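K.L.:
The structure's right below; bear with me while I get my questions together.
What follows draws every value from the coordinates through simple rules; no lab data is involved. What you see is a predicted model, and the numbers here were worked out from it, not measured in a lab. When we count neighbours, we look across all protein chains shown, and the Cβ atoms used for this are built from the backbone with ideal geometry, even at glycine.
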Amino acid sequence: MHLMQQWPDGNHIAEIAAFAAVAEQGSFTKAAAALGRDATVLSRRVQSLERRLGVRLFARTTRHVALTEAGAGFLVRAQAIVAALHEAQEEASAHGGDEARGTLRLALPATFGRMWIAPFLPQFMAAHPQVRIDVSYSNRFVDLVAEGFDVAVRLGELADSRLVARRIAPRRRLLCAAPSFIDRHGPLERPDDLARLPCLAFTGLASHPNWTFSNARGERVTIRAEGPLVSDDAEALGYAAVQGLGIMLTTDWLIGRDLAAGTLVPVLEEWMPADEGAIYAVVPSSRLMPAKTRAFIDWISQRFSPIPPWRLSHERAH
C-alpha cells in the first residue's frame with residue numbers, strides 16, 4: 001500500500017488525541033476540561049474511533065470510564081503518536097521563530113562565491129551556531145524548488161519570475177589591462193582602438209564576441225573582441241590580463257583586489273560597457289521564510305552595503 005493511503009487524516013488524529021486524553025484523565029468531563037472542549041465532542045470522536053477500529057476501547061458506566069484490554073494496548077500507541085505530533089510541531093515551529101537553526105542549503109556562483117562569500121561564512125556560522133551550511137559552488141542555474149536550495153546568489157539579470165529576489169549589491173563592467181600592457185601599446189582614446197589590440201574575451205558574455213560601449217554624449221560603439229585567449233572562466237582571463245597578455249572586459253567584483261593592488265588599471269573609463277543586472281539573493285518564496293534564510297539574507301546584504309567590499313578596497317587604495 002502506498003504511504004499516503006496509510007496516512008491518517010485530520011479527523012483520525014483528532015479522534016486519537018481525544019481517546020488518549022480521556023484515558024489519561026479517566027473521564028470525558030475531565031478530559032474536556034483539560035482540552036477546553038465539550039465532553040460530547042470527545043464522546044463522538046471516541047465513538048467514531050471505535051467504529052473505525054471495530055472494537056470497544058472503553059468500558060463505560062454512569063460514573064466510570066475504564067479501558068478495555070484492546071483500549072489499554074491502543075493507548076500505548078496513541079500516546080506515542082500524540083507525543084510525536086507535539087514534538088514535530090515544536091521542531092517545525094522552531095524554524096520559523098527568531099533563532100536561526102537547521103541546515104541552510106546555498107547555491108553560489110563558483111568564482112564569486114569563493115572570493116566574496118566563502119572566506120566570511122565562518123563569521124555567519126559563529127553568529128548562528130544552530131545553523132549547518134550545505135553549499136554548492138557552481139555557475140549552473142539551479143532549480144531552487146526542485147533541488148531543495150534555500151537561497152541562491154545570482155549575478156546579472158534574473159529570468160525566473162517565480163522566484164523572490166533581493167538586490168544585495170550593484171556590479172559594473174569595465175575594461176582593464178596591466179600597466180605593462182598600456183606601456184607597450186600606449187593609451188586608448190576610443191573603443192575603436194580595441195580592434196587593433198589583443199583582447200581577452202569571456203565566452204559567457206551574452207553578446208560574445210561583441211563588446212558594446214556608450215559615453216555621456218550618447219555615442220555608441222560595438223567592436224568584435226579578438227585575441228590570443230578566450231575562455232568561459234573569467235578568473236582565468238584575469239590571470240592572463242595581470243600578466244599583460246591582453247585587455248579584458250570584466251566585472252568590478254572579479255578584479256577589485258587587482259585594481260587596489262595596481263596590477264590592473266581601468267581603461268577607457270569615459271566609455272561605459274553595456275551592463276545589465278546586479279547581484280541578487282534569490283529564494284523560492286517570501287511567505288513564512290525560515291529564520292535561517294532570513295538571517296543569511298540579512299547578513300549578506302549587510303556585508304555588501306553600503307559599498308561592496310571589492311569596491312571599498314579599490315577606493316581605499318586611491
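K.L.:
With a length cut of 20 Å (Cα positions projected on each helix's long axis) and a Kyte-Doolittle mean of at least -1.0, go through the chain and give me the DSSP H helices that pass.
P.N.:
Numbers: long enough: 10-25 (22 Å, 0.57); 39-53 (21 Å, -0.38); 69-95 (40 Å, 0.22).
The answer, listed by residue number, is 10-25, 39-53, 69-95.
K.L.:
Can you sort HIS12, HIS64, HIS128 by how many other beta carbons sit within 10 Å, fewest first?
P.N.:
Details: HIS12 15, HIS64 10, HIS128 19.
Ordered by Cβ neighbours within 10 Å, fewest first: HIS64, HIS12, HIS128.
K.L.:
What's the longest piece of the chain with no exposed trypsin sites (Lys or Arg not before Pro), counting a site as exposed if DSSP puts it in a loop and it has at most 11 other beta carbons within 10 Å?
P.N.:
Numbers: sites that count: ARG63, ARG140, ARG162, ARG217, ARG287.
Longest gap between qualifying sites, sites excluded: 64-139.
K.L.:
Let me test this: with uniform point scatterers at the alpha carbons of the chain, what is the Debye-based log₁₀ I(q)/I(0) at q = 0.06, 0.07, 0.12, 0.14 1/Å?
P.N.:
Values, matching the q order: -0.41, -0.50, -0.89, -1.07.
K.L.:
Under 10 °C and 1.306 mPa s, how fast does the range 173-273 diffuse according to Stokes-Einstein, given a Kirkwood radius computed over C-alpha pairs? Answer in µm²/s, whole number. Before the final figure, lay out each step's value.
P.N.:
Numbers: Rh = 13.4 Å.
Once the numbers are plugged in, D ends up at 119 µm²/s.
K.L.:
Follow-up. Given H placed on each backbone N at 1.01 Å, which residues far from CYS199 in sequence or on other chains put an amide H within less than 5 Å of it?
P.N.:
GLU226, GLY227, ILE247
K.L.:
For the range 226-232, in order, what is each residue's ³J(HN,Hα) by Karplus, 6.51 cos²θ - 1.76 cosθ + 1.60 with θ = phi - 60°, in whole Hz (x at glycine and Pro)?
P.N.:
9, x, x, 9, 10, 7, 8
K.L.:
Could you derive backbone 3J(HN,Hα) for the range 193-205 from the dihedral phi with the Karplus parameters 6.51, -1.76 and 1.60 (θ = phi - 60°), listing whole Hz in sequence and x where the residue is Gly or Pro?
P.N.:
Ordered by residue, 3J(HN,Hα) equals 4, 5, 5, 9, 10, x, 10, 10, 9, 8, 6, x, 5 Hz.
K.L.:
Take every Cα pair under 8 Å in the chain that's 6+ residues apart, average their separations, divide by the length, and report that relative contact order as a whole percent. List each step's numbers first, then the result.
P.N.:
Working: 485 pairs, mean separation 61.3, N = 318.
19 percent.
K.L.:
Using only DSSP helix segments of four residues or longer, with each worth -39500 (n - 2.57), what per-residue ellipticity at 222 nm results for the chain after dividing by its residue count and rounding to 500?
P.N.:
Values: 13 runs with 136 residues, N = 318.
Per the formula, -12500 deg cm²/dmol.
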